[in-house]
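I have placed the structure first, in the form of C-alpha cells, so that the comments after it can refer back to it.
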Amino acid sequence: MKKDTTKIKIEIDIKSYFETGIRDFAFNLIEKITDWNEIWRYRIQLITDELCNNAIEHGSESNSKIIIDFEYIQNEFIKISVSDFGKINSKIKAKDIIKTMEENSLKKQNELGIRGRGLAFIIKKWCDSLEIQDNQYGGVTVSITKSKENTIIENPQRTLEEKTIII
C-alpha cells in the first residue's frame, strides 16, 4: 500500500524572511499532517527555526534567499532540509560546519554561552539523522529526519529550577 506523502518547498528572500511566519507554518504543518504530540510539534518548530536562522546568518548574503523543503511520509517520518546560497567572501563548506559541530559537542553547554548549541546539542539530540552537504547553489544544505516511532514521550519532565533544560 502506498503511503501518503506531503512535500512542500518554500523559497524565501532573506529580506522577506520573518521568523514567526516560518515557525508558525512548521508548527501548524506538523499539527495538520501528523498525530505527533504537542511537545514534538514545538520541537519541530524550533528545529526549523534553528536551521533557517543558521542558513541566513552563516550562509547567506543579504540579497540572497533560502530554500526550505518539508517531506512527510504518513506514519513514518518527516524530513526538513534548509539550503542557503553561500557567501561570496567567506564560503562555508559542509566539512567546516561538521568540524565546528563536533568541536562544540565535546564542550559542556555552559562553555558555549548562547552560541553554537543548536546543531551540536539540540538538533542532534532530537533528530534521528542530521546531514550536512555542500549544494549545487554554492552553499550548504542541512537536512534532518525524525521518525514517528521516536516521538513518543512517556512522562515529559518539567522543572522550575533556574537554568535547567530537560530535553
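We did not get these values from a lab; they are worked out from the coordinates using the rules stated. This one's a predicted model, so the numbers in the text were calculated from it and none came from an experiment. Positions of Cβ are backbone-derived with ideal geometry, glycine not excepted, and every protein chain shown enters the neighbour counts.
Tabulated data
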read-out: Square roots of five times the Cα gyration tensor eigenvalues for segment 5-150, Å; value: 23, 19, 14
read-out: Filtered chymotrypsin sites (Phe, Trp or Tyr not before Pro), segment 1-93: DSSP coil and at most 13 other beta carbons within 10 Å; value: Phe18
read-out: Shape metrics for segment 43-90, restricted to C-alpha atoms - Rg then Dmax, Å; value: 12.6, 43
read-out: Estimated vicinal HN-Hα couplings, Hz - segment 126-143 in sequence order (Karplus 6.51, -1.76, 1.60; Gly, Pro = x); value: 7, 9, 7, 8, 9, 10, 10, 9, 5, 10, 6, 8, x, x, 10, 10, 10, 10
